[in-house]
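Engineer: Input: one structure, supplied below.
The values are calculated or read from the model by the stated rules, or taken from the named source; none is laboratory data. Being a predicted model, the structure only gives us computed values, none of them experimental. Because the Cβ atoms are built from the backbone with ideal geometry, glycine has one as well, and the counts that use them run over all protein chains shown.
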Amino acid sequence: MERYRPTFAEIDLAALKHNLKALKGAAGGPSQWICPMVKGNAYGHGATQVSRQLVKEGVDAIGVALIEEGITLREAGVTGPILVFGWFSEESARACVSHSLTPVISRIEDLRAFKKGVHAPYSIHLKFNTGMNRLGIDKHQFGSLRSLLAEAKQLKVEGLCSHLAQGEDWGDENGFSHGQAAALKSIAAEFSDIRVLHLLNSAALLTGAVPKGFGVRPGIALYGAGELRERLGLRPVMHLHSAIGTVHHLKKGDGVSYNFRWRTQRDALVGVVPIGYADGYMRILTNRGFSLLRGERVPLVGTVCMDYIMLDLTDVVMKTGPVTEGELVTLFGEQGVSRLPADEVAELAETIPYEIFTAVSNRVPRIYKNGE
Ligand SMILES: Cc1ncc(COP(=O)(O)O)c(C=O)c1O
């Protein structure tokens, strides 16, 4: 469809390639198993385009949370192993097989579903609960696991994994993550012919070395966010842009937006920008957010509306001259050499960059550049 509104998310696939290379380096080089996570529409970046690029660059697998996400990727022609980290029924087990998706089985009942629904040889991964207490087979279920695997000869266990509860402490040998790694290793000792053990997420990759034999599943770092992104020189992949739609000349004391939660302290110029909470630009940023205009930070004033925000342009106009309709505004990402990282917006919004990215709604077109 034609675009009639200047609001868009620019997705820089060159930055994605750069980050993948940096993460492969941090993970120990090209021989280390890597499964970038593309669940949640590739953290809001567009799963199809991101996955195609990743597969082209060379990865061992890509990871999704839902079987539906995996099917969508297959239907878009994405090739290569796709790991599905969700739950399964007999029916979805069959759908998994018919779309050549690799299940990461985290419940005994899901293994039963595969045993019943799948009759030809099929590769699976198993996920264990090593302390996060969200997904994963528990220790007390190992007996049932052994007997089910002995009966389900068609299911070939190719990989074993777990998930870190606080990957940030990976650099600390006494941290919780190392206990989880040790638990996974001791489980792996009971299996033979396992191709891969995978565990590390972005936070772990950014805080410590990756021991040989541990595969990595980075998500947020791949998209250039996360607290320690600068350590690896990661680049933002998404830049959220819009433009000045109109400028109001206000008198000292005038109010702006619903319920006048901001009033001018002086005569002021306020620009209206067509992006709002229906686009995923969070309402909590009311009177807190910033945007970039001409590379300068301009404060967001008044209540964030469903379709619009307002910016106080007074200082930037005094510094750089009059603002005209159509001038580029960057909500996060880069504008020339100026940066407004999604991590910083997340902090202002009392959340994490994952939510900032995934909140960007379908209403915002993704424009891809530097792909293939
Ligand atoms: C199973 C699994 N592996 C890896 C990741 C990637 O985590 P991160 O984005 O923190 O690197 C996630 C994300 O939550 C996940 O659920």
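Engineer: Would you point out the residue of region 306-331, among those that are in contact with a Pro (Cβ under 8 Å, 6 or more places away or on another chain) and of a type in the set (Asp, Glu), that is surrounded by the fewest Cβ atoms within 10 Å (Cβ to Cβ)?
Structural biologist: Asp307
Engineer: Still on this structure, please answer the following. With respect to the numbered conditions (1) within 16 Å of the ligand (Cβ to nearest atom); (2) surrounded by fewer than 18 Cβ atoms within 10 Å (Cβ to Cβ); (3) within 20 Å of Met37 (Cβ to Cβ), which one is the sole condition not fulfilled by Ser123?
Structural biologist: Here Ser123 clears every test but (1).
Engineer: Another question, then. Show the residue pairs meeting these rules: Cβ distance below 6 Å; 6+ apart or different chains; first residue within region 202-214 and over 18 Å from Glu230 (Cα atoms); second residue in a helix (DSSP H, G or I).
Structural biologist: Listed by first residue and then by second, the contacts come to Val210/Ala27.
Engineer: So for region 330-345 (the condition being among the aromatic types (Phe, Trp, Tyr) and either under 26 Å from Val78 (Cα atoms) or assigned by TED's automatic domain parsing to the domain that holds Tyr43 (or both)), does at least one residue qualify? Full working, then the answer.
Structural biologist: Of all residues in region 330-345, those among the aromatic types (Phe, Trp, Tyr) come to 332.
Remaining after also requiring either under 26 Å from Val78 (Cα atoms) or assigned by TED's automatic domain parsing to the domain that holds Tyr43 (or both): none.
No - not one qualifying residue is present in region 330-345.
Engineer: Which residue pairs have Cβ atoms under 7 Å apart, sit 6 or more places apart or on different chains, and have a first residue in region 218-241 that is under 14 Å from Leu13 (Cα atoms) and more than 15 Å from the ligand (Cβ to nearest atom) and a second that is in a strand (DSSP E or B) and of a type in the set (Lys, Arg)?
Structural biologist: Pairs found: none.
Engineer: Please state which of the following conditions Tyr277 fails to meet, knowing it meets all the rest: (1) of a type in the set (Ser, Thr, Tyr); (2) surrounded by fewer than 18 Cβ atoms within 10 Å (Cβ to Cβ); (3) free of Cβ contacts under 8 Å to residues at least 40 places away in the same chain.
Structural biologist: Tyr277 satisfies all of (1) of a type in the set (Ser, Thr, Tyr); (2) surrounded by fewer than 18 Cβ atoms within 10 Å (Cβ to Cβ); (3) free of Cβ contacts under 8 Å to residues at least 40 places away in the same chain except (2).
Engineer: Does Phe128 fit the bill of being touching a helix residue (DSSP H, G or I) at 6+ places or on another chain (Cβ under 8 Å), within 14 Å of the ligand (Cβ to nearest atom) and of a type in the set (A, V, I, L, M, F, W, C)? Break it down stepwise before answering.
Structural biologist: Details: touching a helix residue (DSSP H, G or I) at 6+ places or on another chain (Cβ under 8 Å): yes; within 14 Å of the ligand (Cβ to nearest atom): yes; of a type in the set (A, V, I, L, M, F, W, C): yes.
Criteria met by Phe128.
Engineer: Scan the helices (runs of 4 or more DSSP H) fully inside region 20-112 and keep the ones with 1 or more residues being outside the structural domain of Ile356 (by TED's automatic domain parsing), in contact (Cβ under 8 Å) with a residue 60 or more places away in the chain and within 28 Å of Asn129 (Cα to Cα).
Structural biologist: Here the list reads 39-43.
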